1. Do we have any residue at all in segment 277-292 that's modelled with pLDDT of 95 or more and under 16 Å from H8 (Cβ atoms)?
2. May I ask you to list the residues in segment 161-191 that are of a type in the set (G, A, S) and part of a loop (DSSP other than H, G, I, E, B)?
3. Scanning for something outside any helix (DSSP H, G or I), under 23 Å from A121 (Cβ atoms) and open to solvent by less than 70 Å² (accessible area, probe 1.4 Å), does segment 192-214 turn up at least one residue?
4. Anything in segment 228-258 that is more than 18 Å from the chain's Cα centre (by Cα), touching a residue at least 60 places away in the same chain (Cβ under 8 Å) and buried (at least 16 other Cβ atoms within 10 Å of the Cβ)? List them, or say none.
5. Would you pick out the residues in segment 134-165 that are of a type outside the set (V, I, T), more than 17 Å from A229 (Cβ to Cβ) and open to solvent by 30 Å² or more (accessible area, probe 1.4 Å)?
6. Return the only residue of G258, G290, G245 being assigned to a helix (DSSP H, G or I) and within 30 Å of M68 (Cα to Cα).
7. Kindly indicate the residue of segment 44-82 that is of a type in the set (S, T, Y) and either touching a strand residue (DSSP E or B) at 6+ places or on another chain (Cβ under 8 Å) or within 17 Å of H157 (Cα to Cα) (or both) and also surrounded by the fewest Cβ atoms within 10 Å (Cβ to Cβ) among those meeting that condition.
8. Scanning segment 83-101 for residues that are among the charged types (D, E, K, R) and at pLDDT 95 or above, which turns out most open to solvent (accessible area, probe 1.4 Å)?
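The values are calculated or read from the model by the stated rules, or taken from the named source; none is laboratory data. Remember, it's a predicted structure, so these values are computed and weren't measured experimentally. Cβ atoms come from the backbone with ideal geometry, glycine included; neighbour counts cover every protein chain shown. Accessible surface is based on the protein model in full, side chains and every heavy atom, while ligands, DNA and RNA are left aside. Shrake-Rupley method; radii C 1.70, N 1.55, O 1.52, S 1.80 Å.
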Amino acid sequence: MSGGPDRHCYAGVEAGGTKFVCAVGSGPGDLRAVTEIPTRDPESTLGEVIRFFRSRRDSGQSFEALGMGSFGPLELNRDAAGYGSITTTPKPGWQNVELVDRLAGALGVPVALHTDVNAAAAGEATWGAARGLDHFLYVTLGTGVGVGAVVGGQILHGVHHPEMGHVPLPVSPDEPEGFVPVCPFHCACAEGLASGAAILARWGRRLDELPEEHPAWHLEAGYLADFLAGLTLTLQPQRIIVGGGVASEALLALVRDGTYNRLAGYRADLAQRGSMASFLVLPRLGQRAGVVGAIELARREVNRGQGAGGTRDAAPSA
């Protein structure tokens, strides 16, 4: 797939726990309008999203479809009664909120919905750090922790979309006294221990606000190394892309070292410490990976409706 702009235009939404990022365009080199909307209650947040896209259309920026990558859990079974809705999210006020029908009805275009991490994975597969790869993971470290897995060129999906961010992790003995993991469902899981919300609850500040000698850095890196080593041994990806507001090159340097130690040479192509630099990487699309991936989901929705290219969730690169 070419990474350049084309004659088509699509709408994309990255729906996060902190903000909704909305854009109109055809890809990373052709974003004709971008805005960020704070995530408040569903009524006001979705109303502002709809107003933005209506204003773009009224100004001549028409679009063929809308793609949305959202926090979840989501009902993604098109045959289910609740298709297109957020389900048992821990985010207050957003349980059982319908997304697809509301946006499609308000904007009059097809709407494609996937998880935020799967949208970002689609963007990185088409234009970013996963071009040419058939097996990779996109991990987001933000308010929560999520993983999008592409296996054999397709987004991995079972009865439900995978929730690898809720895989249990052992609690570190270095945890500060009195800290309670933040996941209300599973407590000591990757999200409960290593998310941005967990860092804030533990230290009162974001990781990037703490000096690099602060124990928060090694505690976070240790949890992520446990998590990513487990994912590597389970799914055997060619590459793991780590994005989200918590991710940084400084953190990833520590995580590479910890993951290498935990794998202990068991995977031959990662048996040299230097190999980790190309195995654990930041998104090439940066903080735009989610919304650009949502635009890619919209493009695929149009192709699906036309009977072309609709059988693969993660298109391989040309």
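1. Within segment 277-292 (the criterion being modelled with pLDDT of 95 or more and under 16 Å from H8 (Cβ atoms)), the answer is yes, since at least one residue qualifies.
2. Residues satisfying the conditions are S172, G178, A188.
3. Yes: one or more hits.
4. G230
5. D134, G152, Q154, L156, H157, G158, H160, P162, E163, listed by residue number.
6. G290
7. The selected residue is T45.
8. Filtering first and then ranking leaves D101.
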